[in-house]
1. By how many degrees, between 0 and 90 and to the nearest 10, does the Cα long axis of helix A:201-213 differ from the longest principal axis of chain A?
2. Quick one: angle between helix C:170-185 and the longest Cα principal axis of chain C, in degrees between 0 and 90, rounded to 10, please.
3. Relative contact order for chain D using alpha-carbon pairs under 8 Å, separation at least 6, rounded to a whole percent?
4. Going highest first, how would you order C:144-154, D:52-62 by mean Cβ packing within 10 Å?
5. Can you give the helix-only mean residue ellipticity at 222 nm for chain A, where every DSSP H stretch with n ≥ 4 adds -39500 (n - 2.57) and the sum goes over all residues, rounded to the nearest 500 deg cm²/dmol?
6. Evaluate peptide B:151-157: per residue, the Cβ atoms of other protein chains within 10 Å of its Cβ; return the mean as an integer.
7. Report, in cubic angstrom per residue, the convex hull volume of the C-alpha atoms of the protein assembly as shown.
8. Take residue B:157 and residue A:46, extend 7 Å from each Cα along the Cα→Cβ direction, and tell me the distance between the two endpoints in nm.
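Only the coordinates and a few stated rules stand behind these numbers; no lab work does. Keep in mind the model is a prediction, meaning the values are calculated, not measured. Here Cβ is always computed from backbone atoms with ideal geometry, including for glycine, and neighbour counts include all displayed protein chains.
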DNA sequence: TATGAATGAGGCTTCATTCAT
DNA sequence: AATGAATGAAGCCTCATTCAT
């Protein structure tokens, strides 16, 4: 309910070129909301139409099939949130020549937290549907996951060179960090949003990761 | 394909009282396979019947509705694998009065890895459908998650008392550990089973967790 | 209306192996009637269901798609009428070693007249839809037209050898005869069934064809 | 493809009063082409609009409904081709006080052949749709068929009086001739245009008809 | 005059579920 | 107990037609 407005706002971010009419934005955001609540298959196009306050046929003017409507969701996400919310700050973080890994990590966690909490319904739909749509999977892998991992790896190497990070393969480190961050965010913002979140929890997460791969960890002695 | 047989075997574990006929086991295991491949909503009962080599009507003799068939999956899991595979060893692990947290952790990780890889299709279905079926969610939470967390907490406290674990709230620690372990297993065994898994990866995971919460971590200095 | 019964009877002829249930026969004959009245595209499957007194879904148990239902029509025709009504007598006619072309022609015309008048609605559907379904066209050409022409040609050659038929290419003769017979029948039984048909008309048709290709025609002098 | 231009030209013939804009001509000729390829019901107005390069709404400015667009086709035909191509020459033929039935027949056949081959797509649409639109049927019957038959009858009577034609009812004769000519043309130009047409075929057709009803036929002896 | 976005009725088809055998 | 034919509600999608611009 509260998301309704912010979801439309988010989608509007992907509409810099004004290629989407307001009706289309209503359709897309209604679809996201319903898909994330009931699942893609369990949502009828007639429900989407009703929620978006358009005729059912109108949906199909903009999206040839229901599946196309689903596929439009990650596209909007990547056009909007990813490059706006995410990459904007992210590049800043990345370009900042941090001396300190802890500072860097803290910024990343905060940034991801903001990203996940803002795009929760969109992410939920994508995560739900990825296993059943190979096209979707490969698109996400190629446009989001692989580039991010690659980016992350180069940053990790930099800190490794500075002796601030333990000597594990960079990909392994990335996987561990990503798992920790997203595992945490997934549980709190997507899977069990009703779970109470303590202010300090995020700080503990950072400490945990820092210890886990920081150079002053016991691993250095191994 | 390989799972096909072990899936039926697994389900048979939940059939200690022989309350299920072979037909019923076929139905349930066929359903699990198809649900995990195509999703619950996208699977037709007629497909399940065909795969199980029974008539469509027969399904409804055992399970009043399609939803009941879905709900039978976690029940079978909890009757079978959970208390057999999982708790069996788990209790052993738990009752073993380990002096060393690292040994304990390693056993847990190995045990969970075995569990996840053996029950992958079942877990996949449950994870997929949990968000859309509150009844399912609360059942899983109450019978699986909360007891496990509670169990885990008491163990954690023991090691804390021994001074082997960092001073964070026990629930936080449990969450971090669970997230790390399941995040790792989820990625390798459920989400992206095609991803190559290095022998050493599991060892790195253990190290990472150990460092993350071990008492010789920097946190002690904070 | 009168055809309703005879149409079902006709289709039953194609059901020697009892492979069709009564429901299926109702569906097929209802489809033929409606298709011939309103055209294939203009007939809704719901109308067919209503006329056949079955649920709409039942149609699709027997015929996977509406198009399959259309294609079942010539198949039933060829199984039933063609090989029963038509070929039965036709082979008799053909095997009778007629000395007289006129006798032969008269029998053919009578036989075809019976065939066309009995299968009028079926033929109407086929004629209507042939231009829009290449699969249908090639099937009809290969199973009905070409064999018939070939058969006819050999008979024509026999009468030519006996000097009873004018010296034109046999295929041309066949085409002219077929055109005359079917043109006549098409007009009277399919296109304009309301047109009054005189008893003598059929006799005139026979005379016309006889004169047209008979050896005592003027062409012998050319 | 080749017809595309000549179709527009043909329709333009019906536009002596310039009552149709170029857009309208495009719409009508696009409709004819598509109707003849896919059938009336299977053609969407949106396709017509696309082919005619106008907006969907524009079609309905000129033709209130899709059916009106269909009915405009025979009207255009009768305004244009029929009275131009057909009747123009036809009246000439008719007014020529032929002494010889054979000459007359040959002219008719040639004239009809030209007519049919030039207006093939238009005729195809009309023939296809006549059975399903009573309004269309009665219009065609009254404006084309009955006048033609009547015309033909009077000519036939003239040749009968001259003793050049066999003694059958004139209507019967007309039907036989029309059937032969149109049966031939229908097969070669509409139903199976891919069928090879021999130069001599048309000559055989003429001979066939001549023999069929000519006074030197055997019927005189009957 | 022309456009094309929007409509909503209706078409084909699928599918969970029932029930007579 | 088991079957599978039958059902009919509901889903996705198309399309002729309208109407504001």
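1. 50
2. The helix C:170-185 is inclined about 50 degrees to chain C.
3. 18
4. On the way: C:144-154: 13.8, D:52-62: 15.5.
Put in order of decreasing packing, that is D:52-62, C:144-154.
5. It lands at -20500 deg cm²/dmol.
6. Mean shielding by partner chains, rounded to a whole number: 0.
7. For the protein assembly as shown, the hull spanned by Cα atoms encloses 219 Å³ per residue.
8. Placing both labels 7 Å beyond Cα along the Cβ direction yields 5.5 nm.
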